[in-house]
Structures are given as structure tokens and as C-alpha cells.
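The values are calculated or read from the model by the stated rules, or taken from the named source; none is laboratory data. Note that the structure is a prediction, hence the values are computed from the model and not measured. Don't worry about glycine lacking a Cβ; one is built from the backbone with ideal geometry, like all the others, and counts go over all protein chains shown.
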């Protein structure tokens, strides 16, 4: 029986919730795998437009350094396409999306660079929840496989989980 299915595994749980382990040290890099319809298009977008360094690859997948995090584009054309949206502060936010939290200055630079590159925004660079807890700068755009990406920033990073 694997530890994940071992009823006694609870006794070996850490002293703090797993999602809080990073509180004791530097943030752990995130890993995300996602589908793409074409690896050449993914390389052109993530490597060319976003400037993500490429890591290992195979004929079916390619790793990218996405702001210090490992993302992996997997060739799976049948899994790509648009996603459902939910209303958030007056915008339709793609339910399935990924992204990164930047500093406000990095966010401004990214918004300017993406605009210069002619990227069509799903949600143009804007401030969400203005004047409320959790106020944030955000923008959404698609990659060539219609994966939604969000770049956001907080004027006060301590408000990231504000209610």
C-alpha cells in the first residue's frame, strides 16, 4: 500500500499544513504542465514573445522558465481551446488560467512589452478591486493554444490573500 493510501499516514503529517511549509524559507518554484496544439508555436510564444528560457524537451513536450517557475507545454491538441469564464469585478475571467504575481514595476513593464508586441488582451491591463482589500493590477491574454495567462501585481503584496 502506498503512503497516500495508508490510513496510518496521517500520523506522519508535518507539524504545519503542507501549503504552509514554504513559510519557513524561500518560496518553492511552481511546476505546471499544460496542453498546446503545436510545440513550434509554443516555442515562438513562450521563448520569443515572453522571453522564457527553454529547458529540456522531447518531440512531445518542452520546459520553459516562466518567471523562475517550471512550466511544461505538452503536445495535446485535443485538450486545447477556449475555457469557460466567471464574472470577477466586471470582467469575464477564464476559469482555467495560470500566471504569476509580479512587482508593480515589473507588471507595468510587462504590460508595455505585451502591448508593443501586439498581444491581444482578454482583459486589458487594469486595476481590479480598486479601493478594496486585495486591490490588484491584472491583465489576461491567450497563448497560441488559447491557454489563458494572467499577470498580476499588488501595490501591497501583504494584501494578496486579503478578504
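Data overview
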quantity	calculated
Complete set of residues in the range 129-163 that are over 15 Å from residue 100 (Cα atoms) and buried (at least 20 other Cβ atoms within 10 Å of the Cβ)	145
Odd one out for residue 145, checked against (1) within 16 Å of residue 35 (Cα to Cα); (2) part of a strand (DSSP E or B); (3) out of contact with any helix residue (DSSP H, G or I) (no Cβ under 6 Å at 6 or more places or on another chain)	(2)
Criterion violated by residue 155 - all others in (1) over 25 Å from residue 64 (Cα atoms); (2) in a helix (DSSP H, G or I) satisfied	(2)
Flag for residue 119 being within 17 Å of residue 45 (Cα to Cα), touching a strand residue (DSSP E or B) at 6+ places or on another chain (Cβ under 8 Å) and in a loop (DSSP other than H, G, I, E, B)	yes
Selection from the range 66-84 of residues that are surrounded by fewer than 16 Cβ atoms within 10 Å (Cβ to Cβ) and over 16 Å from residue 38 (Cβ atoms)	68, 70, 82, 83, 84
Evaluation of residue 124 against (1) modelled with pLDDT of 95 or more; (2) under 16 Å from the mean Cα position of the chain (by Cα) (one fails), failing number	(2)
Condition check for residue 88: over 14 Å from residue 143 (Cα atoms), surrounded by fewer than 17 Cβ atoms within 10 Å (Cβ to Cβ) and touching a strand residue (DSSP E or B) at 6+ places or on another chain (Cβ under 8 Å)	yes
Residue check for residue 90: out of contact with any helix residue (DSSP H, G or I) (no Cβ under 6 Å at 6 or more places or on another chain) and more than 22 Å from residue 30 (Cα to Cα)	yes
Residues satisfying the stated conditions in the range 53-72, i.e. in contact (Cβ under 8 Å) with a residue 40 or more places away in the chain and closer than 15 Å to residue 145 by Cα	71, 72
Pair list, Cβ under 6 Å, 6 or more apart: the range 127-147 residue outside the structural domain of residue 73 (by TED's automatic domain parsing), other residue in a strand (DSSP E or B) and loosely packed, with under 14 Cβ neighbours inside 10 Å	137/127
Unmet criterion (only one of (1) touching a residue at least 40 places away in the same chain (Cβ under 8 Å); (2) more than 19 Å from residue 137 (Cα to Cα); (3) part of a strand (DSSP E or B)) for residue 98	(2)
